[in-house]
Amino acid sequence: MFLFLGLIITYLVALSVSQTPPEYVKQCSRSDPQLQSCLIGALHHLRPYLKDGIPEIELPSVEPFKMDELTLSLTGGTNGYRVQLRELFVKGASNFTVKDIKLGSPFEATVTMPVLALNANYQSSGVLIILPASSNGTFHARFDHVEALVRGTLSTSIKDEKTYLHVEELDVQLRVKDVFMRVRKDSTRNRIISEATNLFLRENGQEVLKIMEPQLKKKLSVLFSAIVNQLLRNVPVETFLLP
């Protein structure tokens, strides 16, 4: 769900000058007394480009944003209920608003999104609400009023008299006001299993999200860092910020 944060960090820490900036770049000046507002405006300027991707910097579309898999242990015990989510696709990431930014290393940004929608294939096993709940099908989730706090540290290097940045560490904290989750079963499976699963998800959405979060944060941090660093390797600091 967070490929667009790569562009946010790029603007937070790598804004400098370009004689012919590409159309997706809105330049700012270091001497601007309203620099923070300019940076936020530059990030918002990117939103329509993120939907289609930016081929010239090898940035794919963030709609949808794809992840590989998550494995969730939702209840304990020998026959605990476990769910594996594969082929996850997240929509809504490009509709972001930057509420606050702090430059430097460490850097920090607060970003909100009204809705994130997640779709995946699922396979479950174990016992849920006294029922054997082995099943498979599709998993759907909607996260409303999402806030992400992104923090990280950077290193710099010089190549051909240009300055390049590298994300060394990254942490993403998520807060979600409302969570809605449901499954749709494989047509060969018992309908009662799906109903029991949906009842569990409806009553325990925030708890399920908490179980997801450690894996989600780790996967997002690794994937996001790789995307940002690929961008930063190809875009020197001197491309974005006026003196």
- request: Consider GLU69 carefully, then state whether it is charged (D, E, K, R), at pLDDT 85 or above and in a strand (DSSP E or B).
  value: no
Every residue from the range 135-167 that is crowded, with 21+ Cβ neighbours inside 10 Å, among the polar types (S, T, N, Q) and farther than 30 Å from GLN123 by Cα: none
Selected residue [in a helix (DSSP H, G or I) and either more than 25 Å from THR197 (Cα to Cα) or at pLDDT 80 or above (or both)] from GLU56, GLU63, GLU87: GLU56
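Could you please find all residues in the range 82-94 being of a type outside the set (A, V, I, L, M, F, W, C), more than 12 Å from the chain's Cα centre (by Cα) and under 17 Å from ALA117 (Cα atoms)?
Matches in the range 82-94: ARG86, GLU87.
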query: How about the range 30-49: which of its residues are at pLDDT below 80 and either in a strand (DSSP E or B) or touching a strand residue (DSSP E or B) at 6+ places or on another chain (Cβ under 8 Å) (or both)?
result: ARG30
- request: Please verify whether the range 180-203 includes one or more residues that are within 19 Å of the chain's Cα centre (by Cα), assigned to a strand (DSSP E or B), at pLDDT 80 or above and surrounded by 15 or more Cβ atoms within 10 Å (Cβ to Cβ).
  value: yes
- prompt: In the range 13-20, is there at least one residue being at pLDDT 80 or above, surrounded by 21 or more Cβ atoms within 10 Å (Cβ to Cβ), under 26 Å from GLU169 (Cα atoms) and small (Gly, Ala, Ser)?
  reply: no
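With the structure loaded, tell me whether SER124 is more than 29 Å from LYS26 (Cβ to Cβ), at pLDDT below 75 and in contact with a Ser or Thr (Cβ under 6 Å, 6 or more places away or on another chain) or whether it fails that test. Please lay out each step first, then the result.
On the way: more than 29 Å from LYS26 (Cβ to Cβ): yes; at pLDDT below 75: no; in contact with a Ser or Thr (Cβ under 6 Å, 6 or more places away or on another chain): yes.
So SER124 fails the test.
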task: Kindly provide the set of residues from the range 37-66 that are of a type in the set (A, V, I, L, M, F, W, C) and out of contact with any Phe, Trp or Tyr (no Cβ under 8 Å at 6 or more places or on another chain), ordered by number.
output: CYS38, ILE40, ILE57, LEU59
query: Out of THR75, THR110, THR138, which single residue is out of contact with any Lys or Arg (no Cβ under 7 Å at 6 or more places or on another chain), under 21 Å from VAL179 (Cβ atoms) and either modelled with pLDDT of 80 or more or among the β-branched types (Val, Ile, Thr) (or both)?
result: THR75
statement: Exactly one of VAL150, VAL115 is of a type outside the set (Gly, Ala, Ser) and at pLDDT below 85, and that one is VAL150
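The values are calculated or read from the model by the stated rules, or taken from the named source; none is laboratory data. As the structure is a prediction and not an experimental result, all values here were calculated from the model. Backbone-built Cβ (ideal geometry, glycine too); neighbour counts: all protein chains shown.
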